[in-house]
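Following: one structure in structure tokens, then a few remarks.
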Amino acid sequence: MTAVKSLLEQARNPNFWRSLNPELSVSENLLPESLTPLTVEPEQIKKLLLTLKTDGYFQIDGILPEADVLRMAAGVEKIRQTGWTPPFVFVYDEFWQTFCRLSQILSTVLGQNYQQLPDFWAWYLDPSKTETGWRPHRDKLQNTLLPDGMPKSLTVWIPLSDATPLNGCIYILPAAFDPNYGRDFSVHKIDNIQDIRALPAPVGSVLCWNQAVLHWGGRSSERATHPRLSFAFEFQRGDVTPYNTPLLDPSKPPSFYQRLGLIGKQILQYKHMYPLSEPLAELAVELKKMDTNEPSTNLENSSSECREINGQISELSEQIRQQFDFSPYPRVSLEESPKDKPSLLYIYNIVTPYYRRTGKVIDSQDKVILDAACGTGYKSLILAEANPGAKIVGVDLSEESVKLARQRLQYHGFENTEFHVLAIEDLPSLGMEFDYINNDEMLYFLPDPVVGLQAMKSVLKPDGIIRTNLHSSFQRSNFFRAQTLFKKMGVMEEEEQELGIELVRQTMGALKDGVLLKAQTWRPQNETKDELIVVNHLLRGDRGNTIPELFSALRAADLEFVSMVNWWQWDLMALFKEPDDLPVFLGMSLPELSVEEELHLFELLHPIHRLLDIWCGHPDQTESFTPVSEWTDSDWQTAQIHLHPQLKTPKFKEDLIESLTQLRMFEISKHLQLVETFVTLDTSMAVCLLPLLDAPQSIMSLVERWQQVRPINPVTLAPTDEKQASYLIQQMLTQLERLGYVLLER
């Protein structure tokens, strides 16, 4: 803590920075009016704008005075040598003055009223350590292009030493070769590696690219003759919504203390891109307050905040964050809607798990639903579609993913949503409680799943339900073996993940088809879908669990198991040829198994499920209820029959009416495929579903309707017996309830 206090005192002292780099200046209030703008001939400007529109970038060599650049380069060297991180060079006037002098170029591209974004950085790549620039990314995921292809925002990058392929120059995928350019900015697919363009840049040059273009910094080589030094700033048009705040007036650079605040903001903002030590995180927190006008606290009081930040950037968490920044998950286009996927909506409709737990049917109106680890927001969209009237809250570690999630929900017209960049351990900081928490494909990344379970439990309402899952140790074992292989080969350590994906393809392609790893983990779609390789062969932090380990974690978190999410696929008795004629020892022992033991036996016999996917909640929050298969006549007389909400669609109604009018079997499983077999109803039974489309019904109302359709017995021609009719309807409803199509509420 003493060391951090000392660093803070130094950072706040302008004379410290002046003495560190006497050749550079630190002004309290910089007045750039006296600076002479750097000019480019009109014909050259015209060519640059055309290149910017077609390729997404342009480069101007030799525009900056060499003497100025060399002074700034010496400043970066000194900052690095004395242990400060390179962005601290922005305390010096010269780094701001350089961009002031580029006003002619910037105003030509972005308009006269362009603004400076509070987004900047400086780099020092040491060849002896083979350091790298930032991995493949797009600077902004929001739409940053005008209809004519010109940019709404721009990054300006300046090398302070000759940037070469050997010391890590910039690489770019020109717009014309990018299959996702201008569409889904989150996808980093490169169809042909030969399309990648290296951009070596001599000292004094300027590179500008729009913020939709895919680019990265290369890895430096020990053969490089000197380090790569560079810095960058971002700008936007003045007539568009700010991409970040606070926007800065490019004609009035910030004061010294404002610069320190902005530097602190940058260090925290880009912690997913740059290694961040605990003292540096503490220092950045304090510096950021100088820009945001937050009341300064003593370092002891702020240390918990710093530990919180550093808890989010542990080595493993940072690797996972980087992986999903590079390869956002799931890779679903912005336009895709789950409306026509009833089986998917069925799982995400909170009616389903609440009914499984309580035997009651709830309304999603005004419920508050959390999508913990929301990624790119496709699951959030499913939750919104499946639960009309609910508020959707999403959190994720990846800031870029959260931006895309916001964009996705807005695109589909859902306004009652909010998204936060947040680790799951920090859910209590939201100050909210949730009726339902969806935590999909994340818990298995945590070193201790109990931490995640406890965090979710802490924000769950007393009668709320959590959906979460772990990878199966048994089903997933082949992929764990593949991950071990590619980790040993160094493929998983590749900074440029596109290269890692290609190395996996080359390795698997070189193996004979009969080699076990290839036979067990490689499918034809791996040749075209990068996402499958990333989430299987190259998934960092992946680990598996068994059913006993899952239940042990639930007990440690004091949570109660409710049901497997895909419970119909965990039917132990369905594994036997003749369930009613088992060997004696099985027939005697199986009925005595607990739910945990039964599920564990299933995974030992038939480990087909990639996910151990469950619903759970606070213990002892619901009264036990009698399964429908055990109902008495009096239970049936008081029951309300509901059609599952995901079947209340125009297509279902249309097909049902058509089947009834044409006197043909009604295939209900076509509208909700929960089992592998076809589920059909004859017209006399299907007719009972029609009134359920409008409102819940009593058993007697359905019996009466059935009697109207079948007034006489077709064999004896005697009037239909009410008791027999009631029995037949009950049998049908019991079967449909077991399959999940209807909900029977006492």
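The values are calculated or read from the model by the stated rules, or taken from the named source; none is laboratory data. Computed from a predicted structure; not experimentally measured. Backbone-built Cβ (ideal geometry, glycine too); neighbour counts: all protein chains shown. Just the protein is used for accessible areas: all its heavy atoms, side chains included, with ligands, DNA and RNA removed. Shrake-Rupley method; radii C 1.70, N 1.55, O 1.52, S 1.80 Å.
Angle check, please: helix 278-292 long axis (alpha carbons) against the longest principal axis of the chain (alpha carbons), in degrees 0 to 90, nearest 10. Around 80 degrees separate the two axes. Ordered by 1.4 Å accessible area with all protein chains kept, 371, 694 run largest first as 694, 371.
As I understand it, the dipole of the chain uses +1 on the Cβ of Lys and Arg and -1 on the Cβ of Asp and Glu, about the Cα centre. Which of 574, 92, 649 lies farthest toward its positive end? So the residue we want is 92.
So what is the relative contact order for region 554-614, in percent, with contacts set as C-alpha pairs under 8 Å and at least six apart? Before the final figure, lay out the partial values.
Numbers: 23 pairs, mean separation 30.3, N = 61.
That works out to 50 percent.
Which percent of the accessible heavy-atom area of region 108-172 goes to carbon and sulfur, probe 1.4 angstrom?
That fraction is 51 percent.
Separation of region 122-183 from region 334-350 is 36 Å, based on Cα centroids.
Candidates 112, 503, 70 compared by Cα position along the dipole of the chain: farthest toward the positive end lies 70, with charges placed on Cβ. Checking (i) 29.6; (ii) 27.2; (iii) 25.8 against Kirkwood radius over Cα pairs in Å calculated from these atoms, the matching label is (i). Each of 698, 474, 419 was scored by the projection of its Cα onto the charge dipole of the chain, and the greatest displacement toward the positive side belongs to 419; charges sit on the C-beta of Lys, Arg, Asp and Glu.
Take every Cα pair under 8 Å whose residues are at least 6 apart in sequence, average their separation, divide by the length of the chain, and the relative contact order is 10 percent. In the assembled protein chains, residue 535 presents an accessible area of approximately 30 Å² (probe radius 1.4 Å). Does region 449-590 come out rounded, prolate or oblate by the C-alpha gyration tensor, with a ≥ b ≥ c the root eigenvalues, rounded set by a/c under 1.5 and, if not, prolate when a/b is larger than b/c and oblate if not? In terms of gyration-tensor shape, oblate.
Assigning unit charges at the beta carbon (Lys, Arg +1; Asp, Glu -1) and nothing else, what dipole magnitude in debye, to the nearest 20, does region 1-115 show about its Cα centre? Dipole size: approximately 340 debye.
Label zone of residue 335 (point 7 Å out along Cα→Cβ, amide N under 16 Å): in region 367-406 this covers no residue at all.
Where a ≥ b ≥ c are the square roots of the eigenvalues of the C-alpha gyration tensor, would you call region 159-232 rounded, which needs a/c under 1.5, or, failing that, prolate if a/b is larger than b/c, or oblate?
Working: a/c = 2.73, a/b = 1.81, b/c = 1.51.
Since a/c reaches 1.5 and a/b is larger than b/c, the shape of region 159-232 is classed as prolate.
Quick check for me: using +1 on Lys/Arg Cβ and -1 on Asp/Glu Cβ, what's the dipole size of region 495-547 about its Cα centre, in debye to the nearest 20? Present the calculation step by step, with values, prior to reporting the outcome.
Details: 7 positive and 9 negative charges, 73 e Å.
It comes to approximately 340 debye.
Report, in listed order, any pair from 360/648; 339/670; 391/529; 47/152 with a Cα-Cα distance greater than 22 Å. Table pairs above 22 Å Cα-Cα are 391/529.
When only alpha carbons are used to place a centre, region 188-251 and region 634-653 end up 57 Å from one another. Over all other residues within a Cβ to Cβ distance under 12 Å of residue 420, the charged ones net out to -3, with Lys and Arg as +1 and Asp and Glu as -1.
Helix 547-556 and the longest principal axis of the Cα set of the chain meet at an angle near 70°.
With a 1.4 Å probe and all protein chains in place, put 700, 732 in order of accessible area, largest first. Intermediate results must be reported in sequence, preceding the final value.
Numbers: 700 50, 732 20 Å².
I get 700, 732, largest accessible area first.
State the Cα centre-to-centre distance between region 673-746 and region 453-481 in whole Å. Spelled out, the Cα-based centre of one part sits 38 Å from the other.
Expressed to the nearest 5 percent, the antiparallel share of DSSP beta bridges inside the chain is 75 percent.
Relative to the dominant Cα principal axis of the chain, helix 595-605 is inclined by about 80°.
Let's see if you can work this out: charge +1 on each Lys and Arg Cβ, -1 on each Asp and Glu Cβ, no other charges. What is the dipole magnitude of the chain about its Cα centre, in debye to the nearest 20? List each step's numbers first, then the result.
Numbers: 69 positive and 99 negative charges, 278 e Å.
Value, rounded to 20: 1340 debye.
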